[in-house]
Amino acid sequence: MDVRAAVAFEAGKPLSIETVHLEGPKAGEVLIELKATGLCHTDEFTRSGADPEGLFPAIFGHEGAGIVVDVGPGVTSVKKGDHVIPLYTPECRGCKSCLSQKTNLCTAIRATQGKGLMPDGTSRFRLGKQMIHHYMGCSTFANYTVLPEIAVAKIREDAPFEKVCYIGCGVTTGVGAVVYTAKVEAGAKVVVFGLGGIGLNVVQAARMVGADMIVGVDLNPARKEIAEKFGMTHFVNPKEVEGDLVPYLVNLTGGGADYSFECIGNVKTMRQALECCHRGWGESIIIGVAGAGQEISTRPFQLVTGRVWKGSAFGGARGRTDVPKIVDWYMDGKIQVDPLITHTLKLEEINHGFDLMHEGKSIRSVVKY
Ligand code: NAD
Ligand code: AHE
Ligand code: ZN
């Protein structure tokens, strides 16, 4: 079938709106009509050329929601008409990683996904004779896409697509990092670096679990007001701090954070996030994605003296199991999503969405199909 898609032909170039050919679902795959997709900073990271795994031409987008319109042979877990969220972290429930119960990083299809291909090693998208790569196994910047059934979470039918698409990445990443990765407890002191589409979800989850102190660190002063509405208790703009940021945060938190979260993707702030943690037990969770060639560093003494450095992908959430629950949390009013969706765009306006992200004017832009 013909589908409308925003195609990335070259790193650093704007996306181009094209009519692309999409092949139907093969065995174990589903065809989804996307109703909405969010624009995550990671799409921009790959578009810019900073992603060592970046492949072109490709159809980006990994924060979608839609309806199953067809299924391939052997599909049992979803059917035509089901409302679903595509998962860039699938959950096969049978691989070594899924069975370990120690990680959400299902390895069933990671190798082909990293090559921009479906599990059988081919792409379903092409433009004329040119093969177009899938992206993060999702390619939600198209109004239809194909995914393996292990990479779709079935969600309730009363959830609005143009809001819950954000649960496909940003919401789950931020909320899950608090709930599943760090397991923040009531009374904790939390520091959040970066108050964007991910960091604000960390803030609201820290409030949800009962953190006492939630410090937000951001260079953009406009983030203070919205972060306070989401539960931030103290705002720190590094530009306004005299002297080093780390001792300032250690002092503010009365000895250091119990938990810190890096939601920027900057290796300097990753170090600051670790070093502002409390001696003996503070845990720092890296969420931000840093560009090709970047490395983190600290004095090993920071770890010898009990600070813990961790990372979190997709918030440690097991997609098919946890995403429907997070949709329920939203529908039940436990977490807020609507105020974070600052812009709703048409597919043709998608490049404007990336401009808004760079200008710090949007938290999340959503394309509605
Ligand atoms: P965003 O652009 O919405 O937010 C980033 C925020 O950081 C902005 O508010 C910006 O003002 C602030 N900032 C930038 N530089 C700063 C600095 N030096 N000090 C303080 N604040 C600074 O981005 P986002 O969508 O929230 O994504 C954040 C990061 O998380 C990105 O690197 C993205 O690729 C990554 N990410 C990771 C996962 C995962 O599973 N690990 C999932 C989604 C996104
Ligand atoms: N391709 C990059 C790494 C990108 C990355 O870390 N992706 C996160 C999700 S970001 C969502 O917005 C992730 O889940 N990674 C786990 C995985 O298996 O990709 C690089 O550096 O090569
Ligand atoms: Zn993302």
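Every number here is computed from the coordinates shown, using simple stated rules; none is lab data. Source: prediction; values computed, not measured. Note: ideal-geometry Cβ built from the backbone for every residue, glycine included; neighbour counts use all protein chains shown.
Distance from the C-alpha centroid of segment 78-145 to that of segment 315-346: 20 Å, rounded to the whole angstrom.
Sorted ascending by nearby beta carbons within 10 Å, beginning with the fewest, C138, C98 become C98, C138. Both radii were evaluated on the Cα set of segment 246-364; the Rg over Rh quotient, with Rh as the Kirkwood radius, amounts to 1.05.
Each residue of segment 178-190 is assigned a 3J(HN,Hα), and the resulting list reads 6, 7, 9, 7, 7, 6, 4, 9, 4, x, 5, 9, 10 Hz, derived from the Karplus form 6.51 cos²θ - 1.76 cosθ + 1.60 (θ = phi - 60°), x at Gly and Pro. Once C-alpha pairs closer than 8 Å and six or more residues apart are averaged by separation and normalised to the residue number of the chain, the relative contact order reads 18 percent.
Charged side chains reduced to their Cβ positions (Lys and Arg at +1, Asp and Glu at -1) give the chain a dipole of some 700 debye around its Cα centre.
Taking other C-beta atoms within 10 angstrom as a stand-in for reagent exposure, D322, D218, D355 fall in the order D355, D322, D218, fewest first.
Going by how many other Cβ atoms sit within 10 Å of their own, how do I226, I59, I296 line up, fewest first?
Neighbour counts put them in this order, fewest first: I296, I226, I59.
The alpha carbons of segment 174-312 occupy a box of 37, 30, 29 Å along the principal axes, longest dimension given first. Under a 5 Å amide H cut-off, with hydrogens placed 1.01 Å from N, I214 pairs with V190, T233, H234 among residues at least 5 apart or on other chains. Can you find, among Q302, N201, M136, the residue sitting farthest towards the positive end of the charge dipole of the chain, where Lys and Arg contribute +1 and Asp and Glu -1 at Cβ? Result: Q302, furthest along the dipole toward the positive end. Computed on the Cα trace of the chain, the radius of gyration divided by the Kirkwood hydrodynamic radius gives Rg/Rh = 0.97.
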